[in-house]
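Visitor: One structure, pasted below without further comment.
The values are calculated or read from the model by the stated rules, or taken from the named source; none is laboratory data. Note that the structure is predicted; figures quoted are calculated from it, not measured. Cβ: placed from backbone, ideal geometry, glycine included. Neighbour counts: every protein chain shown.
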Amino acid sequence: MFEDARGVAVIAASDLNRARSFYEGVLGLPVAEEIPDGDTVFYLMGGTPLMVYQTAYAGTAKNTVFALETKDLAGDMATLREKGVAFMDYDFPGLKTVDGVAELPGENSAWFSDSEGNILALSQRT
């Protein structure tokens, strides 16, 4: 049914200019496409289209909205910390972070918020 379909990650921004500063400046993503309405911009992250669009509902999700798999979790976390990113700490049954990292079956993961309050994740397979 979806053999030729392509998925797109959709991220809400209450202030698109601020979000662009985060995705372009902090994460270092180049713009892949801008929609003429001025309220939507696309990036490519590891071949996955990432659509950031302006809406009043940005940052209201309490779950991870986008996860990024990396081969160097510690290095990428250090780079993001140098750019002012703070990683979240959790202490729930079955999920505890130490210095922002949770050791999970088959992967280590860390979570942080973008400029709009959306929760993003970094993970590295173990």
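Visitor: Quick test of your reading of the structure: Gly25 fulfils all but one of (1) part of a strand (DSSP E or B); (2) under 21 Å from Thr70 (Cβ atoms); (3) out of contact with any Asp or Glu (no Cβ under 9 Å at 6 or more places or on another chain). Name the failing condition by number.
Guide: (1)
Visitor: Does the range 58-65 contain any residue that is in a strand (DSSP E or B), within 20 Å of Arg18 (Cβ to Cβ) and either touching a residue at least 24 places away in the same chain (Cβ under 8 Å) or touching a Leu at 6+ places or on another chain (Cβ under 8 Å) (or both)?
Guide: Within the range 58-65, the subset in a strand (DSSP E or B) is 64-65.
Then keep just the ones that are within 20 Å of Arg18 (Cβ to Cβ); that gives 65.
With the extra rule that they be either touching a residue at least 24 places away in the same chain (Cβ under 8 Å) or touching a Leu at 6+ places or on another chain (Cβ under 8 Å) (or both), the set shrinks to 65.
Within the range 58-65, one or more residues are in a strand (DSSP E or B), within 20 Å of Arg18 (Cβ to Cβ) and either touching a residue at least 24 places away in the same chain (Cβ under 8 Å) or touching a Leu at 6+ places or on another chain (Cβ under 8 Å) (or both).
Visitor: Here's something else I'd like to know. Just need a number here: residues in the range 5-15 that are over 15 Å from the mean Cα position of the chain (by Cα), surrounded by 11 or more Cβ atoms within 10 Å (Cβ to Cβ) and of a type outside the set (Asp, Glu).
Guide: Taking the range 5-15 and keeping what is over 15 Å from the mean Cα position of the chain (by Cα), we get 5-7, 14-15.
From what's left, surrounded by 11 or more Cβ atoms within 10 Å (Cβ to Cβ): 14-15.
Checking which are of a type outside the set (Asp, Glu) leaves us with 14.
The qualifying residues number 1.
Visitor: Mind telling me which of the residues Ala110, Ala58, Ala86, Ala78 ends up being at pLDDT below 95, within 22 Å of Gly25 (Cβ to Cβ) and not basic (Lys, Arg)? Let's see the steps before the verdict.
Guide: Values: Ala110 fails: at pLDDT below 95; Ala86 fails: at pLDDT below 95; Ala78 fails: at pLDDT below 95.
None of the other options fit; the residue is Ala58.
Visitor: Which of (1) more than 15 Å from the chain's Cα centre (by Cα); (2) modelled with pLDDT of 95 or more; (3) in a loop (DSSP other than H, G, I, E, B) does Phe2 not meet, given it meets every other one?
Guide: Status for Phe2: all satisfied but (2).
Visitor: Thr55 passes all but one of (1) farther than 30 Å from Thr126 by Cβ; (2) free of Cβ contacts under 8 Å to residues at least 12 places away in the same chain; which number fails?
Guide: (2)
Visitor: Of all residues in the range 28-51, which are closer than 21 Å to Thr70 by Cβ, aliphatic (A, V, I, L, M) and surrounded by fewer than 14 Cβ atoms within 10 Å (Cβ to Cβ)?
Guide: Listed by number, the residues that qualify are Ala32, Leu44.
Visitor: Six or more apart or on different chains, Cβ atoms under 6 Å: show the pairs whose first residue is in the range 21-39 and closer than 22 Å to Ala121 by Cβ and whose second is of a type in the set (A, V, I, L, M, F, W, C) and not in a loop (DSSP other than H, G, I, E, B).
Guide: Pairs that qualify, where the first residue is closer than 22 Å to Ala121 by Cβ and the partner is of a type in the set (A, V, I, L, M, F, W, C) and not in a loop (DSSP other than H, G, I, E, B), are Ala32/Phe42; Ala32/Leu44.
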